[in-house]
Amino acid sequence: MIAVTGPTGNVGRALVERLVAAGRPVRALTRDPQRARLPAGAEAVRLRPDDPAALFRGVTGLFLYVQAGGDRTPALLAAARAAGVRHVVLLSSSIIDSGADPAHPIHVMHATAERHVRDSGLTWTFLRPGAFATNAFQWAPQIRSGDTVRGVYAEGRTAPVHEDDIAAVAERALLDGGHEGAAHRLTGPAALSNAEQVTAIGRALGRDLRFVEVPPAEAGPDLFPHVPPGMLPALLESLAATVGTPPEITDTVHTVTGSPARPFTTWAQEHTTAFQP
Ligand SMILES: NC(=O)c1ccc[n+]([C@@H]2O[C@H](COP(=O)([O-])OP(=O)(O)OC[C@H]3O[C@@H](n4cnc5c(N)ncnc54)[C@H](OP(=O)(O)O)[C@@H]3O)[C@@H](O)[C@H]2O)c1
């Protein structure tokens with residue numbers, strides 16, 4: 001049995017769907033089982049980081065989001081170990097080995113979680129993805145209502161990685177041996193600017209979208225509906241670093257899963273409903 005935290009998240013949901021399709025028993029540890037809309041075949045259990053004893057009965061592998069355990073991550077991992085869990089796959093971030101300031105809040109959050117996992121006594125695999133293709137959902141409200149997209153750093157370049165490619169690597173790390181102690185840096189196959197991503201979404205929709213750059217000082221929470229407001233300054237700092245610096249591109253998705261990482265154009269074609277009025 002594999003336990004998946006954050007099963008309603010971009011990566012977590014893709015992983016649950018994969019495990020169910022593969023016929024593997026999966027327990028989805030979600031904050032709200034009533035609203036989770038998980039696939040039939042997944043066992044939905046309320047995530048109670050303050051009372052983790054019952055969560056892991058029969059579980060051998062755990063997929064962990066940094067946010068799911070929060071401050072209670074050490075207790076959650078201890079409960080997992082006590083119940084017989086052997087391996088944990090942590091969704092971390094490329095910020096860890098990007099050379100970013102270790103005091104950057106996003107760095108601190110992931111480095112702390114990695115330390116808790118290393119200290120847990122479980123075997124582990126860290127997934128350190130770069131920018132997610134799903135970050136493009138930040139433009140969805142604007143694209144649903146018009147052809148102009150206001151955003152920061154038109155020329156900021158990333159190599160967006162498909163959420164299901166991250167899930168595919170997680171699946172292999174949970175089900176196969178050989179990933180113990182590995183930190184997998186995951187990216188998409190090609191670098192695109194933010195303006196190019198918006199153009200690609202427009203093509204997938206059959207529309208001509210235009211990116212209009214907004215100075216970062218004028219960027220408020222309205223442009224980043226998916227970002228907790230307290231995290232916005234740190235995020236803007238990270239986005240500034242994507243201008244003029246080519247992103248790392250790895251072939252780890254291909255190496256681990258046997259299938260090449262999907263390009264952003266494919267992601268855009270698969271997610272048109274999110275951008276349609
Ligand atoms: N976006 C990027 O470019 C990027 C790059 C590298 C790393 N990351 C990391 O990847 C993770 C985001 O992945 P994602 O896009 O798949 O996540 P997501 O869609 O935001 O989902 C996260 C899930 O975690 C669960 N959760 C439990 N406690 C939570 C809490 N206190 N706050 C928020 N969610 C909580 C929720 O599931 P339930 O409600 O079902 O419990 C939620 O659906 C973050 O840790 C982020 O730092 C992101």
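Given labels modelled 7 Å from the Cα in the Cβ direction, how far is it in nm from ALA190 to ALA53?
5.5 nm
Give me SER145, SER238, SER94 sorted ascending by neighbouring Cβ count inside 10 Å, so fewest comes first.
Neighbour counts put them in this order, fewest first: SER145, SER238, SER94.
Return one number: the angle in degrees, 0 to 90 and rounded to the nearest 10, between the long axis of the Cα atoms of helix 10-21 and the longest principal axis of the Cα atoms of the chain.
With both axes taken from Cα atoms, the answer is about 50 degrees.
Per-residue ellipticity at 222 nm for the chain, helices alone: DSSP H runs ≥ 4 residues times -39500 (n - 2.57), over residue total, nearest 500 deg cm²/dmol?
Calculated at 222 nm, the ellipticity per residue is -9500 deg cm²/dmol.
Tell me, in nm to one decimal, what length is gained between GLU270 and ASP208 on full extension, where the rule is 0.36 nm per residue of separation less the Cα-Cα distance?
Result: 20.5 nm gained on full extension.
How high is the relative contact order of the chain, given as a whole-number percent (alpha carbon pairs under 8 Å, six or more residues apart)?
Worked out over the chain, it gives 18 percent.
Report the calculated FRET efficiency for ALA82 and THR257 (r = Cβ-Cβ distance, R0 = 30 Å), to the nearest 0.05.
Once the sixth-power term is evaluated, E becomes 0.40.
What does the charge dipole of the stretch 2-129 about its Cα centre add up to, to the nearest 20 debye, if the Cβ of each Lys and Arg holds +1 and the Cβ of each Asp and Glu holds -1?
Roughly 440 debye, rounded to the nearest 20.
Can you compute the charge dipole magnitude of the chain about its Cα centre, using +1 on each Lys and Arg Cβ and -1 on each Asp and Glu Cβ, nothing else charged? Give it in debye, rounded to the nearest 20.
With only Lys, Arg, Asp and Glu charged at Cβ, the dipole is about 840 debye.
Using C-alpha positions alone, give me the convex hull volume of the stretch 2-129 per residue in cubic angstrom.
Dividing the Cα hull volume of the stretch 2-129 by its residue count gives 100 Å³.
In whole percent, what relative contact order does the stretch 142-270 give with Cα contacts below 8 Å and a gap of six or more residues?
Computed value for the stretch 142-270: 44 percent relative contact order.
Just to confirm the number: angle between the C-alpha axis of helix 163-175 and the first principal axis of the chain, 0 to 90 degrees, nearest 10?
20 degrees
Calculate the length of the line joining the C-alpha centroid of the stretch 240-272 to that of the stretch 166-187, in whole Å.
What the calculation gives is 16 Å, centre to centre.
Output the Kirkwood hydrodynamic radius of the chain, Cα pairs only, in Å rounded to one decimal.
19.4 Å is the Kirkwood radius here.
Quick one: helix 73-83 against the long Cα principal axis of the chain, what's the angle to the nearest 10°, folded into 0 to 90?
40 degrees
Please report the relative contact order for the stretch 121-211, taking Cα pairs under 8 Å with a sequence separation of at least 6, and give it as a percent rounded to a whole number.
Computed over the stretch 121-211, the figure is 43 percent.
Taken together, the values in this text are just the output of simple stated rules run on the coordinates, not laboratory data. Predicted model, so just to flag it, every value in this text is computed and none were measured. Backbone-built Cβ (ideal geometry, glycine too); neighbour counts: all protein chains shown.
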